[in-house]
């Protein structure tokens, strides 16, 4: 587990959070700018010192202000990726990578140079100087440099925010590989929902220096009581498992967790059993009283209405649905709701117009 | 007619004084500049002002106070006598002390600017890569501030070579001990030896120009922090 309790008061900004998040996988600290995400991260790294603070990463205590413990940042086994790659300009890429590596005892090294440079695809850049790299390359070097310290916790402060969308999509697959191949817990600060949806397993929602919610990404994104459910981007994450592939139509069947239900998406062939993460936007789900097969809509699931909530715009309502344990969100018009007579417990058919495959 | 052996002795003494002063200033100026560039203490203003004082004070004022302090009744003079060193006025050591104070801002200010330009980010990066503060100083701050160190050393050296007032006040005019080039030129002029004065003055002029030429030509735009 990662336990973090921080309290600090700056002029015009108060941070007061109490986080318990899993000690493995990727946890996103998500929120608007000024919500305190970066300050949290800097306090965990010890770059900032919260007056009242307790930071424990699995079995290591890094700060316990009640007992006067504050481990200086350079003795915390962490990796930090800054928003700008912040490579040392006086050192080559290789020397940048070795900077942290050579300060780690040989016996504690779990990531070696070959592995890190292969993982981030930077093997061909080692002789270069940071000035001669693109923004995306610099950030990949920055991530590799942090990994080479074999950290027990990787802190990433909006590593993609300074990049344009092309560079972003260039780096995202590398981050996904990191997630899949290394067993290092990651705290990932971001204000971009698409990044969070792709990478995170656990989501902490921060607002005005407070944690509004914390939980597994699927559940948390589907909560109606959070601002996440508002906006055009609202939707749920489905972590499905490939159950079949229809080569003739190039459709992949994804089984929803713990159900016999599946959804079909257009995709290149994948081995049966492989996990795939998808996003279904609330705006892409419509509801029907019957299973109307005479439709071009591919995916129809039997669902139960859980609850209803006013949307950010008066013409719409948000409906939370349950599909055999998998939460879904639908954004429909108030008019349609009245036509269908929607009530909690009602059995309906959800028609899913589009599924975005994330990974 | 060219330089006499007395002139050469004055040149040698000047170079010795300037080199020693520069070396001392780099050692004591670095921590002062580092502190000034990082601290948020209220002392930052007063200390910065004290360091900058020699920029505006007439050298005679600095020389006068040093003369009093280092003299037999001054607090530094009492201390050196207690140590059995006698008084330092009219000695080479006294001259070094005076020069260090006189040239202090010329070394501290370029260093302070260099340290401020580096910012805090590289230091934070170094810390997250397991470098302790000393390690960070030698492996990050020092190399990144190198242009600042070069500027500081050149300015400190050149400014010490050019000093006159302080030397005259606390060093006097003792051959091989305190008679530096600027004083030697003054002597030549007093004695109406204009040809000698010409030779030495010309040498100083050329030297100073070359030093500044080297400084301003080498000031390339520094590689940006990436």
If you go through B:187, B:176, B:135, the only one that is within 14 Å of chain A (Cβ to nearest Cβ) and surrounded by fewer than 21 Cβ atoms within 10 Å (Cβ to Cβ) is B:135
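Residue-by-condition table, conditions (1) free of Cβ contacts under 8 Å to residues at least 60 places away in the same chain; (2) crowded, with 18+ Cβ neighbours inside 10 Å; (3) at positive phi; (4) within 14 Å of chain B (Cβ to nearest Cβ):
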position	(1), (2), (3), (4)
A:12	yes, no, yes, no
A:19	no, yes, no, no
A:45	no, yes, no, yes
A:68	yes, no, yes, no
A:116	yes, yes, no, yes
A:120	yes, yes, no, no
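Is it true that some residue in segment B:63-70 is under 17 Å from the mean Cα position of the chain (by Cα) and either assigned to a helix (DSSP H, G or I) or at negative phi (or both)?
Yes; the residues of segment B:63-70 include at least one that is under 17 Å from the mean Cα position of the chain (by Cα) and either assigned to a helix (DSSP H, G or I) or at negative phi (or both).
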Open item on the list: If I filter segment B:17-26 for residues that are modelled with pLDDT of 90 or more, in a helix (DSSP H, G or I), out of contact with any strand residue (DSSP E or B) (no Cβ under 8 Å at 6 or more places or on another chain) and over 21 Å from residue B:179 (Cα atoms), do I get at least one hit?
Closed with: yes
*Evaluate segment A:233-245: report whether one residue or more is surrounded by fewer than 17 Cβ atoms within 10 Å (Cβ to Cβ) and under 13 Å from residue A:330 (Cα atoms).*
yes
Filtering segment A:325-359 down to residues that are touching a strand residue (DSSP E or B) at 6+ places or on another chain (Cβ under 8 Å), at pLDDT 90 or above, under 19 Å from residue A:290 (Cβ atoms) and not in a strand (DSSP E or B) yields A:336, A:337, A:340, A:342, A:343, A:345, A:346
Yes/no for residue A:74 being without any contact (Cβ under 8 Å) to a residue 24 or more places away in the chain, within 14 Å of chain B (Cβ to nearest Cβ) and under 22 Å from residue A:185 (Cα atoms):
yes
Across segment A:95-114, the tally of residues that are surrounded by 17 or more Cβ atoms within 10 Å (Cβ to Cβ) and within 27 Å of the chain's Cα centre (by Cα) stands at 3
Only one of B:129, B:205, B:144, B:111 is in contact with a helix residue (DSSP H, G or I) (Cβ under 6 Å, 6 or more places away or on another chain) and within 30 Å of residue B:93 (Cβ to Cβ), namely B:111
>> Being crowded, with 22+ Cβ neighbours inside 10 Å and assigned by TED's automatic domain parsing to the domain that holds residue A:125: is that true of residue A:81 here?
In response: yes
Note: among A:172, A:163, just one is part of a loop (DSSP other than H, G, I, E, B), more than 13 Å from every other protein chain (Cβ to nearest Cβ) and within 19 Å of the chain's Cα centre (by Cα), namely A:163
Within segment B:117-132, residues at positive phi and either more than 14 Å from every other protein chain (Cβ to nearest Cβ) or at pLDDT below 95 (or both) come out as B:119
Subset of segment B:72-108, residues part of a loop (DSSP other than H, G, I, E, B) and farther than 17 Å from residue B:177 by Cβ, comes to B:72, B:73, B:74, B:83, B:84
Condition set over 13 Å from the mean Cα position of the chain (by Cα) and part of a loop (DSSP other than H, G, I, E, B), scope segment B:138-168, selection nearest to the other protein chains (Cβ to nearest Cβ): answer is B:145
Across (1) surrounded by 13 or more Cβ atoms within 10 Å (Cβ to Cβ); (2) farther than 30 Å from residue B:149 by Cβ; (3) within 24 Å of the chain's Cα centre (by Cα), residue B:202 clears everything bar (1)
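The values are calculated or read from the model by the stated rules, or taken from the named source; none is laboratory data. These figures come from a predicted structure and were not determined experimentally. When we count neighbours, we look across all protein chains shown, and the Cβ atoms used for this are built from the backbone with ideal geometry, even at glycine.
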